[in-house]
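For reference, the structure discussed in these notes is given below.
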Amino acid sequence: MTATRLKPVDVVTVGVGVSGTILGKELTDAGLQVVGLERGAPRDTHPDFDMPGIHDELKYSRRFELMQDLSRETLSFRNAPGETALPMRQLGSFLPGEGVGGAGVHWNGQTWRFLPWDFETRSRSIARYGKDALAADCTSQDWGVSYADLEAHYDRFEQVYGIGGRAGNLHGEIRPGGNPFEGPRSRDYPNPPMQDSYATALFAQASTALGYHSFPMPSANMTRGYTNPYGQTLGPCVYCGYCERFGCEMGAKASPQTAVLPALLASPRYQLRTRANVLRVNLDSQRKRAVSVSYVDARGREFEQPAEIVLLTSYVFGNVRHLLLAGIGRPYDPVANQGVVGRNYAYQCISGVTAFFEDKAFNPFMGAGALGQVVDEFNGDNFDHSGLGFVGGGFIACSSTGTRPIESHPVPPGTPRWGGAWKKAVAHYSGRSLGIVAHGAVQSYRTNYLDIDPTYRDACGLPLLRMTFDFHDNERRMSEYLTARAEAIARALAPSAVSAAARSGRYSIVPYQSTHNTGGAVMGADPATSAVNPYLQSWDVPNVFVVGASAFPQNAGYNPTGTVGALSYRVADAIRERYLQRPGPIAG
Amino acid sequence: MDLSSSRRNFLKAVTALGAAGLPPADADAPPPASASAPAAGSGTALMHPAHHGAHRGAVPGEAEAFQCLTGPEAAFVEAAIGVLIPADELGPGAREAGVATFIDRQLAGAFGTAARTYRLGPWPEGTPEQGFQSRLTPREIYRAGIAESDAYCRTHYGRGFDALEALQREEVLKGLEAGSIALESVAAPLFFSLLLANTQEGFFADPMYGGNRDKAGWRLAGFPGVAAAYVDEIGKHNVPYRVEPVSIGDVQQGRAPVDAHGHALHTRLDKRS
Ligand SMILES: Cc1cc2nc3c(=O)[nH]c(=O)nc-3n(C[C@H](O)[C@H](O)[C@H](O)COP(=O)(O)OP(=O)(O)OC[C@H]3O[C@@H](n4cnc5c(N)ncnc54)[C@H](O)[C@@H]3O)c2cc1C
């Protein structure tokens, strides 16, 4: 097929989600011409998320209306290198976005800064626990940036996304009611925390009685009307409970649509092209420079869009796949433990505890995606791991994200899966249970990586990305430990029954766990072990920046998007203040 | 509440809206592509509202006619869902709640034809961790799963599934769930888990999909359906919020009042406020 060559622009973003919109906004503000290419459809608060249609559990939560259409593109999966990867034919474990706003449309809004320790996992584990602190095949490493390097970028993202919370550490001073373990902040959250539900209030009481410091989950669900630095006004959240997997009818959940896009689309220097599926990044003959990207539009026409800077903002899987297909950077070889692209794919290791009561009314359908109370005593290196046999940890939280009955009808352990007894238990315990989650980290390993599948192809004929991933003993032990702590908090509430299940056995792609996929194009100070430098710039092709959680060298015990936002601002600053002055590799 | 009378009211409301609320049809609109397609009847009605619309009476049950399930398949599904979620003193079961209609509609549409499923081969079975790998669409899984389960019942009990005693039905469903009954075209546990998932979906999904009739599933679980603004309720701890559930259709068709943002103004069933 002959591609139509388009007029060159300064910047093209592959994908228009959380990171793509922030970079579009910052770089058009810097005077650059930016084109955003998005494979999915345009969509906005009105009319796409209007009442009452958006309150449809079947359509959005079960049939994944807003997420990636796997009939066009998916990835393949296997647990271990010796096995044959098979395509993920249905969505399950994670739910990548598709369409303007990406997964930022249907996220919950739990918005974290990682701990200072998270950025120095390897060096600080070894310093505290000795050279054998990490398993022999563990490839977790330092990020090449510190928390202090990112603080201003975290702050910027929190201001733009209107995060509500309570500071636990302001300029090094520990504040009551916040997270005492967090890194120092230069200022408080722009908005106050959310109201507590009955469940989160009980969790806070019980964990305080156990000596923990419970604090409100940092939330991108607006706790009051808010106007952000881009002049976008977001309405207050009404706690309707339709956040996770839904768009927000109130425009009250910070997202590309509510926080960034109206300001971005108003810029004469920005052009959004939807239903534009990027096929590949094209390099010059020396393979040292990206010259353009090729994409296919809704009518099947192929276009070539030349650009001075190519930003991969197509989520973890798109980013890594485009690097591999274009041959940017050396693909990872797990046998030799060499090469970088696809290396250090990681995930989240989440487990849950449910407590059942006879005499309480939780009204669990009320809530908001980031309404929760959290204890961070068992995250990162906030506790002594001596003799525990694992590094890392995770937060423990009780959230009232809003539940709906197809997905959520918890029944006590021992209840049959169907029939009259099941029905009675559903009737009795609906509204009489609360859940506590242990949100564990995942370290990186030689045998967990992304590469190109040898067999399966997408609807455009391009090979699928292949994921090889499993939990390791470190994660299983961590999950045991965290789940036991979560269970102790639940038991302190004197429930009539408790179900608790640590993550054990092999990772399965079937049950939903989280859309917190990380790594594959990790950042670092050493080109031998990272695909991008500490500015998320490709070591090999310096006019390509690879933005997103693909840059995390391993995953922390938090949700990723706060850090994805911070890294996006870091890239914007680096391009504006350093790259434009002197196009080429950005030094230290 | 009397189930059948509420159903009649529902149909009346829909019909009234159909007559009054439809825009006039475009006279130049081309006729439906296939005159013999089942859709042709309704297409004609739409094109000649003056002839049909004004005097059109509700035909009870019309909307529940099966699009996809054959007679024997419908009988199997009705019998199975009645075991999975039985009617009892707590209220209607899946069967009474119209879940067979729900399943039929789902199988007839995008879900049934696996529209958003990756469907290129090869098709090795894979490990449980690798998830769904069947070559069949959900519609085909039902088709094969029902026929082959029925054949099993005839061999072992001398009768089809829908003619079995209650305990025998339970036995067969347990056998499918555990895989102790082997089917030829599809793994029995896969067929069973699809049937169970769809049954629960139909029981709890918005009634516009054909199940959850009279919001039986929502009443059972105390679920309000379309949400209200709970900003002043979330802080009332340990106070049950029991309301008459509201569906999407209730709001779209003006049966339920809403606030300025379109959130339902619920009618409380408990006496507190
Ligand atoms: C149900 C759910 C709940 C979540 N809750 C939370 C939470 O509470 N807290 C949190 O921190 N995170 C949460 N997340 C994760 C969060 O949504 C992501 O971290 C975030 O959206 C990532 O931003 P991104 O820019 O990397 O990708 P996205 O926002 O997904 O944007 C990527 C875009 O690239 C497009 N794209 C991909 N490939 C191509 C191509 N070839 N051509 C053109 N376009 C392409 C995609 O269509 C997509 O629109 C949640 C996710 C889900 C699904």
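Per the conditions (1) within 29 Å of A:GLN554 (Cα to Cα); (2) in a helix (DSSP H, G or I), the sole criterion not satisfied by A:GLY162 is (2). Only one entry in A:PHE365, A:PHE390 is surrounded by fewer than 24 Cβ atoms within 10 Å (Cβ to Cβ) and either out of contact with any His (no Cβ under 9 Å at 6 or more places or on another chain) or more than 30 Å from A:ALA167 (Cβ to Cβ) (or both), namely A:PHE390. Look at (1) in contact with a strand residue (DSSP E or B) (Cβ under 8 Å, 6 or more places away or on another chain); (2) touching a residue at least 60 places away in the same chain (Cβ under 8 Å); (3) within 16 Å of the ligand (Cβ to nearest atom); (4) under 30 Å from A:SER285 (Cα atoms) and you find that A:ALA572 fails only one, number (1). Pairs meeting the criteria (first residue in segment A:88-108 and on the phi > 0 side of the Ramachandran plot, second residue more than 6 Å from the ligand (Cβ to nearest atom) and aliphatic (A, V, I, L, M), beta carbons under 6 Å, at least 6 apart or on different chains) are A:GLY99/A:ALA41. Of the numbered criteria (1) more than 25 Å from A:ALA361 (Cα to Cα); (2) surrounded by fewer than 21 Cβ atoms within 10 Å (Cβ to Cβ), the one A:ALA201 fails is (1). For segment A:497-512, the set of residues classified as in a loop (DSSP other than H, G, I, E, B) and surrounded by 14 or more Cβ atoms within 10 Å (Cβ to Cβ) consists of A:ALA502, A:ARG503, A:TYR507, A:SER508, A:ILE509, A:VAL510, A:TYR512, listed by residue number.
Under the condition of being free of Cβ contacts under 8 Å to residues at least 12 places away in the same chain and within 22 Å of A:VAL442 (Cβ to Cβ), the residues counted in segment A:132-180 number 2.
Scanning segment A:19-37 for any residue that is under 21 Å from the mean Cα position of the chain (by Cα), in a loop (DSSP other than H, G, I, E, B) and within 14 Å of the ligand (Cβ to nearest atom) turns up nothing.
Within segment B:251-260, is there a residue that is facing another protein chain (nearest Cβ under 10 Å) and either aromatic (Phe, Trp, Tyr) or closer than 24 Å to A:GLU358 by Cα (or both)? No: segment B:251-260 contains no residue that is facing another protein chain (nearest Cβ under 10 Å) and either aromatic (Phe, Trp, Tyr) or closer than 24 Å to A:GLU358 by Cα (or both).
Of everything in segment B:203-229 that is of a type in the set (D, E, K, R) and more than 8 Å from chain A (Cβ to nearest Cβ), the residue that is farthest from the chain's Cα centre (by Cα) is B:ARG219. For segment A:162-187, a residue qualifies if it is of a type in the set (S, T, N, Q) and surrounded by fewer than 21 Cβ atoms within 10 Å (Cβ to Cβ), and the qualifying residues are A:ASN169, A:SER186. Applying a threshold of 6 Å to beta carbon distances and a minimum spacing of six or more residues, or different chains, the list of pairs starting in segment B:60-79 at a residue that is over 17 Å from B:GLY109 (Cβ atoms) and ending at one that is assigned to a helix (DSSP H, G or I) and of a type in the set (A, V, I, L, M) reads B:PHE76/B:ILE146; B:GLU78/B:ALA100. Within segment B:123-154, if we keep just the residues that are facing another protein chain (nearest Cβ under 8 Å) and part of a helix (DSSP H, G or I), the residue that is surrounded by the most Cβ atoms within 10 Å (Cβ to Cβ) turns out to be B:GLN130.
Checking each residue in segment A:542-561 for being β-branched (Val, Ile, Thr) and in a strand (DSSP E or B) picks out A:VAL544, A:VAL546.
Which of the residues belonging to segment A:556-569 are within 11 Å of the chain's Cα centre (by Cα) and either within 16 Å of A:LEU536 (Cβ to Cβ) or near the ligand (Cβ under 8 Å from one of its atoms) (or both)?
Within segment A:556-569, A:TYR558, A:ASN559, A:PRO560, A:THR561, A:GLY562, A:THR563, A:VAL564, A:GLY565 qualify.
None of B:ASP232, B:ASP270 is part of a loop (DSSP other than H, G, I, E, B), more than 7 Å from chain A (Cβ to nearest Cβ), touching a residue at least 12 places away in the same chain (Cβ under 8 Å) and surrounded by fewer than 22 Cβ atoms within 10 Å (Cβ to Cβ) except B:ASP270. Please give the number of the condition A:VAL546 fails out of (1) within 14 Å of the ligand (Cβ to nearest atom); (2) within 14 Å of another protein chain (Cβ to nearest Cβ). Condition not satisfied by A:VAL546: (2). Of the conditions (1) under 28 Å from B:MET208 (Cβ atoms); (2) facing chain B (nearest Cβ under 9 Å), A:ASN79 fails just one. Which one is it? Result: A:ASN79 passes all but (1).
Just so you know, in segment A:343-370 the residues that are within 16 Å of the ligand (Cβ to nearest atom) and within 14 Å of chain B (Cβ to nearest Cβ) include one that is nearest to A:ASN319 (Cα to Cα), and it is A:TYR347. Of everything listed in (1) part of a loop (DSSP other than H, G, I, E, B); (2) in contact with a Gly (Cβ under 7 Å, 6 or more places away or on another chain); (3) over 19 Å from A:THR258 (Cα atoms), the single unmet condition for A:TYR189 is (3).
Checked against the criterion of being at pLDDT 95 or above, in a loop (DSSP other than H, G, I, E, B), crowded, with 22+ Cβ neighbours inside 10 Å and more than 14 Å from the ligand (Cβ to nearest atom), segment A:61-69 has no qualifying residue.
The values are calculated or read from the model by the stated rules, or taken from the named source; none is laboratory data. The structure displayed is predicted, hence computed values, not measured ones. Using ideal geometry, Cβ is built from the backbone for each residue, glycine included, and neighbour counts are taken over all protein chains shown.
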